[in-house]
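Please treat every number below as a calculation from the coordinates, not as lab data. Bear in mind the structure is a predicted one, so any value in this text is a computation, not a measurement. With ideal geometry, Cβ positions are generated from the backbone for all residues, glycine too; neighbour counts draw on all protein chains shown.
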Amino acid sequence: MKRLTYIVPLYFTKDSNALSDLLDLYSTYSSSITSNVDFIFIDDCSPLPVLIPSDCNLNIRLYRINEDIRWNQPGARNLGAVFAKTDYILMTDLDHRVSEKTFEYLLKKNFWKNRVYLFRRKDHNGIKVRSHPNTFVISRSTFFGCYGYDEEFCGNYGYDDEFFLKWLLLNGVSVKKYRLEIA
C-alpha cells in the first residue's frame, strides 16, 4: 500500500468545530488508512489559533502562513504541496469528507503521472452535484511541473480553482473523474 498526502487550507474567523469534527471522523478509520495518509493543514493566517487535539492518532502537520493575504487559498495549497512527502497528493477543502472506502481505494490505486483525478460529489441531502474543482488527486511532479496554483489570484475571490484545471489541461494533463464520491 502506498502513502498519500491530504492537504487542506484553513482560515477561521470564528470558533468552529469543523477541524476537530473532521479529525474525529478520520480517527475512526482503519489503521491501514491512518498509518498511510499524511494530513497537512495550512492555517492561512487565521485571526484565531488553529489547534490540533493532542489525542489525535493521525499523521498531522500544521503549518501557518504569517502574512494575512485575502483569499490566499492558492498560496496555502502550494505551500501544502511543498511540504508533502508522498508522490501523490489529495487536495480538498475543510467542508469535504473523504469516506473510508474512498481512502482505501486511493491507497491501492496506481495513478498515472500526467493525470488529475476528480471525484463525484453529493450534497448534504445525498443529491449528486457537480465535481468540486478544488478536490482532486495529482502527482506532486505533475503539480509542480505545471507550477502549481497561480498565486496572482491571491487577494481576489474565485476562479483560481477553475483556472488551475484549465491550466492543467493546456499543459497536457488529462482529467479523470472517479465514480467514488466525496461528500
Straight-distance crosslink candidates among aspartates and glutamates, where the alpha carbon sits under 19 Å from K166 and sequence neighbours closer than 8 are dropped: D150, E151, E152
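How much length is gained if the chain between T13 and S141 is pulled fully straight, taking 0.36 nm per residue apart and subtracting their Cα-Cα distance, in nm to one decimal?
42.7 nm
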Segment 4-181, relative contact order [Cα under 8 Å, separation at least 6], %: 25 percent
Surpassing 19 Å at the alpha-carbon level, of the pairs K108/K177; K101/K122; K14/K122; K122/K177, are K14/K122
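What does DSSP give for segment 1-103 in terms of the percent of beta bridges that are antiparallel, rounded to the nearest 5?
0 percent
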Treating the beta-carbon of each Lys and Arg as +1 and of each Asp and Glu as -1, no other charges, what is the dipole magnitude of the chain about its Cα centre, to the nearest 20 debye? 1080 debye
Express as a percent, rounded to the nearest 5, the fraction of DSSP beta bridges in segment 4-181 (both residues included) that run antiparallel. 25 percent
Could you please tell me the mean projected area of the C-alpha convex hull for segment 1-120, averaged over all directions and given in square nanometres to one decimal? 7.7 nm²
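Helix by helix through the chain, keep the DSSP H runs that span 20 Å or more along the axis on Cα and average at least 0.0 on Kyte-Doolittle, and give those back in order.
Correct list, ordered by number: empty.
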Extended-chain gain in nm, criterion 0.36 nm per residue less alpha-carbon gap, L169 and S32: 46.0 nm
D24 to F83: FRET efficiency via 1/(1 + (r/R0)^6), r the Cβ-Cβ distance, R0 30 Å, to the nearest 0.05? 0.80
Note down the nm distance, to one decimal, between modelled labels 7 Å out along Cα→Cβ at K122 and at S99. 0.6 nm
Between K177 and K109, what is the spin-label point distance in nm, taking each point 7 Å from the Cα along the Cα→C-beta axis? 1.4 nm
